[in-house]
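First up is the structure itself, then whatever we jot down about it.
Quick note: the coordinates plus some simple rules give every number you see, no bench work behind them. Predicted model, so just to flag it, every value in this text is computed and none were measured. Cβ placement follows ideal geometry from the backbone for every residue including glycine, while neighbour counts extend to all protein chains displayed.
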Amino acid sequence: MDNIEVNTEQIILEAAEAEFLEKGYGNAKTVAIAQRAGVSHSMLHYYFRTKEQLFQKIFKDKVQVLTQMFNVVFEQNTDLKEILRLLIETQFKFLMQNPQLPMFIIREILSNKENREWAIKTVFPHLYPFLSAIEKMLNSEIAKGTIRPIAIHNLLMNILSINISTFIALPVLKENLNFELESFLNERCKSNVQFILNAIKN
């Protein structure tokens, strides 16, 4: 694939992502995606035959980015609390780069059984090694008495909930409160880390 084809494919993917996030999977149209990308409808179908293929490509790319971030976290070879800090920060920064993603997931993945089942099959094979490693570290620290007993699924739900809620609430906050966005998000990330670490203190 030459540079022109690579650039065209990337432009289509960026246009499709914007269309999906703005209108939702069900209301997104390949004609509108082609218009956003500045290509013909037939050219869009040359690169991606269906809307589903476009959606899956974008979702897989997001999973790959997140997986690479997690790889970097676990390469640090440090203790559980530092791993948790890095995980919370990594997820938060990913959401900063993709602030519309939480609402999209809630709206589309959770309400659409077919997309939900596909997403689970796509995500969990990538995340399972990380979840297993964290659970092993967690159980070891619990046995030592350094942290209070907590199940891995509860810990992960706490992390997901506190990070994602920030970005779900962000559109309302931006309209009604006067704050500098980047400063607010950086402070919120630090606060989330401290909240989770304090919650598991013995």
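For the chain, what relative contact order do you get, as a whole percent, if you take Cα pairs closer than 8 Å and at least 6 residues apart?
22 percent
Rounded to whole Å, give me the distance from the Cα center of region 158-202 to that of region 60-87. Value for the Cα centre distance between the two parts: 19 Å.
Calculated [222 nm] ellipticity per residue, helices only, for the chain: -26500 deg cm²/dmol; basis is -39500 (n - 2.57) per DSSP H run with n ≥ 4, divided by all residues, nearest 500. Relative to the dominant Cα principal axis of the chain, helix 113-144 is inclined by about 20°. With Kirkwood radius over Cα pairs in Å in mind, check (i) 19.0; (ii) 21.2; (iii) 17.9 and report the label derived from this structure. After the calculation, the listed value that fits is (i).
Picking from Pro99, Val193, Met137, whose Cα lies most toward the positive end of the charge dipole for the chain (charges on Cβ: Lys, Arg +1; Asp, Glu -1)? Of Pro99, Val193, Met137, it is Met137.
How far, in nm, would the chain grow between Phe195 and Ser111 when pulled straight, counting 0.36 nm per residue and subtracting the alpha carbon separation? Working shown, then result.
Working: separation 84, 0.36 × 84 = 30.24 nm, distance 2.99 nm.
Residue separation times 0.36 nm, minus the Cα-Cα distance, leaves 27.3 nm.
For region 90-180, rounded, prolate or oblate, judged on the Cα gyration tensor with a ≥ b ≥ c (square roots of eigenvalues), a/c < 1.5 rounded, else prolate if a/b > b/c? Note, shape of region 90-180 comes out oblate. Label zone (His126, point 7 Å along Cα-to-C-beta; backbone nitrogen cut-off 17 Å) within region 45-71: 53-71.
The calculated FRET efficiency for Ala151 paired with Thr90, based on their beta-carbon distance and R0 = 30 Å, is about 0.90.
Assuming charge only on the beta carbon of Lys and Arg (+1) and of Asp and Glu (-1), the dipole of region 5-58 about its Cα centre is about 200 debye to the nearest 20. Run the numbers on region 1-49 and let me know its relative contact order in percent, using alpha-carbon pairs under 8 Å that are six or more apart. Computed value for region 1-49: 33 percent relative contact order. Size descriptors for region 1-49, from the alpha-carbon set: Rg then Dmax equal 10.4, 32 Å.
Once the Cα atoms are used to define both axes, helix 181-199 deviates from the longest principal axis of the chain by about 40 degrees. On C-alpha positions alone, give me the angle between the axis of helix 80-97 and the longest principal axis of the chain, in degrees, nearest 10. Result, in degrees: 20. Full extension of the chain between Glu82 and Ile11 gives 21.8 nm of extra length, using 0.36 nm per residue less the Cα-Cα distance.
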